[in-house]
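Report on one structure; see the data block that follows.
Read-outs: derived from the displayed coordinates by stated rules, not from any lab. This structure is a prediction, so every number in the text was calculated from the model and none was measured. Virtual Cβ from ideal backbone geometry, glycine too; neighbours counted across all protein chains shown.
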Amino acid sequence: MNVTVFGGSTPRPGETAYEQAQHLGTLLAKAGHTILRGGYTGTMEAVSRGAAEAGGHVVGITCEEIEAWRPGGANQWVLEERSYKTLRARLYALVDGCDAALALPGGIGTLAEIGVMWSQLQTSGEAPRPLILIGPGWQKALTALIEDHASYIREQDRALLGFAPDTDTAVQMLGTASQA
């Protein structure tokens, strides 16, 4: 499968979030998945590194707008780069190009990626693809959103989200979903 992994850009080598993201990349590569990533720093780099070092294929989805805002190109573990002009085009390439998506902890950008993916799953009319959010933060935040806005978020749309406490569980859930 082509698996998109969303996540924050700030973790650095040696930090727990970076190491967990690198482990995720290793697990995905060993399972035979192609990884689609933002292609830059932080968890994007860590997942790319783990996958590349395990022999997996890493596609970095980059864009000119990000590189104008924060100079720097794709990380060294990206094996194939697909560059887009705008952040919007980059985001939709990550969403439209995947068979499943995982989201590591992150900030505003990661939240936007989750929101777009979830909305596309809701409205696309296609068979649902897995969207698995990793870590207690996403579950806490989105459960609060769903509870506070219950009349706006239908039960079948809530069911489009999967929550995993850690990367190992997320990959197990992904394997189960791909066999369904």
In nm, to one decimal, how far is the residue 172 label point from the residue 76 one, both placed 7 Å along Cα→Cβ? 3.5
State, as an integer percentage, the relative contact order of the chain based on alpha-carbon contacts under 8 Å between residues 6 or more apart. 21
Which net charge results when you count Lys and Arg as +1 and Asp and Glu as -1 among the other residues whose beta-carbon is under 9 Å from that of residue 83? 0
Output the peptides 156-167, 23-34, 103-114 sorted from most to least packed, where packing is the average of other Cβ atoms within 10 Å over each peptide's residues. 23-34, 103-114, 156-167
Could you tell me the distance between the Cα centroids of segment 1-79 and segment 137-167, to the nearest Å? 25
In range of the label at residue 156: residues from segment 112-132 whose backbone nitrogen is under 12 Å from the point 7 Å along Cα→Cβ: 122-128
Under 12 Å from the residue 15 label point (7 Å along Cα→beta-carbon), backbone N, segment 105-134: 105-107
Between 47, 78, 116, where does the largest GNM mean-square fluctuation fall for the chain, given springs only between Cα atoms within less than 10 Å? 116
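If I take R0 = 22 Å and measure r between the Cβ atoms of residue 64 and residue 112 in this structure, what FRET efficiency does the formula 1/(1 + (r/R0)^6) give, to the nearest 0.05? Mind showing how you got there, number by number?
Values: r = 18 Å, r/R0 = 0.81.
That pair, residue 64 with residue 112, gives E of 0.75.
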Which value in Å does the Kirkwood hydrodynamic radius of the chain take, with 1/r averaged over all unlike C-alpha pairs and then inverted? 16.1
Run the dipole for segment 2-175 about the Cα centre, Lys and Arg Cβ at +1, Asp and Glu Cβ at -1, nothing else charged, and hand back the magnitude in debye, nearest 20. 120
